[in-house]
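Participant: Quick one: structure below, then a few questions.
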Amino acid sequence: MPLSTQSQGEDEQYILVTSLDNARNLSNLLKAISFKDHAVFTTTPNGLKVTVEDCKCVQANAFIQADIFQEFTIKEDLITFQVNLTVLLDCLNIFGGSTSAGISTALRMCYKGYGYPLTLFLEEGGVVTVCKINTEEPEEPIDFDFCSSNVTNKVILQSESLKEAFSELDLTSEMLQITMSPSQPYFRLSTFGSSGSAHYDYSKDSDMMELFRCKETQTNRYKMSLLKPSTKALTLSCKVSVRTDSRGFLSLQYLVRNDDGQICFVEYFCCPDEEVEEDS
């Protein structure tokens, strides 16, 4: 197609060249983490990680594996840069993100290195648009030090079930309380709004529960304002893993199947607002 030969002669000067037949596969994932203007791109031979943070309390990462791309050429072991995510999304949707009649926007994304812009070649219906987005010195992402070895409790749910829970809870509440326990109530989501408290319980044997692994009872509260952006990823996903570590830090891992049926991941980390003592 026209885009595939658009910049072949220039490829030697780029340290990163990627291409996708359908730009929506990237833009959908980036929308799922677009709660702040700037994002850090970290690229390795394994693929691309895009990180967004807020107030050192919440972090979102979108993972796009190298084999998702039709072309993925990287000339260094590690490439990092920061871009304005809002501008990038505007560029990716420059053709309106049309999907009618099977039309998709093809993307070729190139980067020359430190100080150079991120260059996008977008092609739809034979029309090619070139966008250049300034890159910045990346800020070091927060290390939430969330290790699998420190995970205390973990459940995997069908995303539809979690969407249903959020539709029934009071999202005007300042806090979302999460209780995970080896015994009843097993897995409980609670809100405390102006109209009173609301609880949504899952049995460990629920059809919606794919995995239930709880070592000890934990009850933590998280600011709803920090968790609300993650509902974008929930909408896209088919499964979600909910994990807490010994400190009460929360990890939400969303499994997202893109338009081509390939699997990508979006992960949110959130620090607890407070630990709640369980009534005896």
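Participant: All other residues with a Cβ under 14 Å from the Cβ of TYR200 taken together, and with Lys, Arg as +1 and Asp, Glu as -1, what is their net charge?
Facilitator: -3
Participant: Roughly how many debye, to the nearest 20, is the charge dipole of the chain about its Cα centre, given +1 on each Lys and Arg Cβ, -1 on each Asp and Glu Cβ, and no other charges?
Facilitator: It comes to approximately 280 debye.
Participant: Can you report the principal axis dimensions of region 148-275 using only the alpha carbons, biggest first, rounded to whole angstrom?
Facilitator: Result, largest extent first: 43, 32, 27 Å.
Participant: Among residues other than ALA60 whose Cβ falls under 14 Å from its Cβ, what is the net charge (Lys/Arg +1, Asp/Glu -1)?
Facilitator: Net charge in that neighbourhood comes out at +2.
Participant: Hey, another quick one. For GLU136 and GLU12, compute 0.36 nm times the residue count separating them, minus their Cα-Cα distance, and round to one decimal in nm.
Facilitator: 42.4 nm
Participant: Which aspartates and glutamates have a Cα less than 15 Å from the Cα of LYS75, not counting those fewer than 8 places away in the same chain?
Facilitator: The reachable aspartates and glutamates, counting only those whose Cα sits under 15 Å from LYS75, are GLU10, ASP11, GLU12.
Participant: Follow-up. What does the convex hull of the Cα atoms come to per residue for region 2-133, in Å³?
Facilitator: 102
Participant: On to the next question. At a Cα cut-off below 19 Å, give the lysines reachable from LYS56, other chains included and same-chain residues fewer than 8 away excluded.
Facilitator: Excluding near neighbours in sequence, the set is LYS36, LYS223, LYS228.
Participant: Something else: In whole Hz and in residue order, list the ³J(HN,Hα) couplings for region 147-163 that follow from phi through the Karplus curve 6.51 cos²θ - 1.76 cosθ + 1.60, θ = phi - 60°; x for Gly and Pro.
Facilitator: 9, 4, 5, 9, 5, 8, 9, 8, 10, 10, 10, 5, 4, 4, 5, 6, 4
Only the coordinates and a few stated rules stand behind these numbers; no lab work does. Everything numeric here is computed off the predicted structure, so don't read it as measured data. Note: ideal-geometry Cβ built from the backbone for every residue, glycine included; neighbour counts use all protein chains shown.
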